[in-house]
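The values are calculated or read from the model by the stated rules, or taken from the named source; none is laboratory data. On a predicted model such as this, the values are computed, not experimentally measured, just so you know. Here the Cβ positions follow ideal geometry from the backbone for every residue, glycine too, while neighbour counts run over all protein chains shown. For the accessible areas, the whole protein counts, side chains as well, though only heavy atoms, and no ligand, DNA or RNA atoms are used. Shrake-Rupley method; radii C 1.70, N 1.55, O 1.52, S 1.80 Å.
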Amino acid sequence: MASRAVYPGSFDPITYGHLDIIQRGSRVFDELLVVVADNPAKKPLFSMVERVDIMKGLTKKLKNVKIDLCEGLLVDYVRSKKANIILRGIRSFSDFEYEFQMALANRAISADIETVFIMTSEKYSYISSRLIKEAAGFGADISKFVPESVRGPLMKRIGVRK
Ligand code: ADP
């Protein structure tokens, strides 16, 4: 049976850290659905549709990767796509605690869905969307952290001309 995994996240915005997980995930699974998930706890900088558009542009060379969005419960989305794997990335012990809790909660809701983790590549281990937004706000050069198709719209949104 072909494996189909869902990699959910806020991706606000997508970073080289996320792209690394996507690339590596696309080698592990037959199909990878990267999903912009609605997280009511976070106030996003980019709309879900904007994030999806940017991410489509960045992943078009990966033939088994698709970009989508999910506004409801993640496990319902996973099931509706006939997938049974949730992919997440881990950078640190602090990520672990949160991810562990999420994985257990998702399994309590639906025992047939497995969460699989890919460890960060060390060169991306400190990159987060939050850090990049903060750095960009102070006018820092963020070209090491995000591709040009993210940097341009991000600087514009934050109001820094560079
Ligand atoms: P969420 O709000 O769902 O945590 P994020 O967009 O912050 O969404 O992250 C999505 C997933 O990608 C999470 O599992 C997170 O741990 C992982 N991730 C984020 N940045 C990196 C990185 N630099 N290296 C590896 N995994 C990462």
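Take Val6 and tell me if it is more than 25 Å from Gly159 (Cβ to Cβ), of a type in the set (Val, Ile, Thr) and touching a strand residue (DSSP E or B) at 6+ places or on another chain (Cβ under 9 Å).
When the stated conditions are applied, Val6 passes them.
Does Ile22 meet the test of being surrounded by 18 or more Cβ atoms within 10 Å (Cβ to Cβ) and in a strand (DSSP E or B)?
no
Starting from residues that are open to solvent by 80 Å² or more (accessible area, probe 1.4 Å) and under 27 Å from Ile127 (Cα atoms), keep the ones in the range 74-98 and report whichever is nearest to the ligand (Cβ to nearest atom).
This residue is Arg91.
Of all residues in the range 36-60, which are in contact (Cβ under 8 Å) with a residue 12 or more places away in the chain, loosely packed, with under 15 Cβ neighbours inside 10 Å and of a type outside the set (D, E, K, R)?
Asn39, Val49, Gly57
It is to be established whether one or more residues within the range 3-12 are assigned to a loop (DSSP other than H, G, I, E, B) and either buried (at least 23 other Cβ atoms within 10 Å of the Cβ) or away from the ligand (no atom under 11 Å from the Cβ) (or both).
Residues of the range 3-12 that are assigned to a loop (DSSP other than H, G, I, E, B), as a first pass: 3, 10-12.
Checking the rest, the ones that are also either buried (at least 23 other Cβ atoms within 10 Å of the Cβ) or away from the ligand (no atom under 11 Å from the Cβ) (or both) come to 3, 11.
The answer is yes; a qualifying residue exists.
So Ile109 ticks every box in (1) open to solvent by 50 Å² or more (accessible area, probe 1.4 Å); (2) within 15 Å of the ligand (Cβ to nearest atom) but one. Which box is left unticked?
(2)
Report yes if Phe29 is more than 15 Å from the ligand (Cβ to nearest atom) and open to solvent by less than 30 Å² (accessible area, probe 1.4 Å), otherwise no. Walk me through how you get there before you give the answer.
Details: more than 15 Å from the ligand (Cβ to nearest atom): yes; open to solvent by less than 30 Å² (accessible area, probe 1.4 Å): yes.
Taking the combined requirement at face value, the residue satisfies it.
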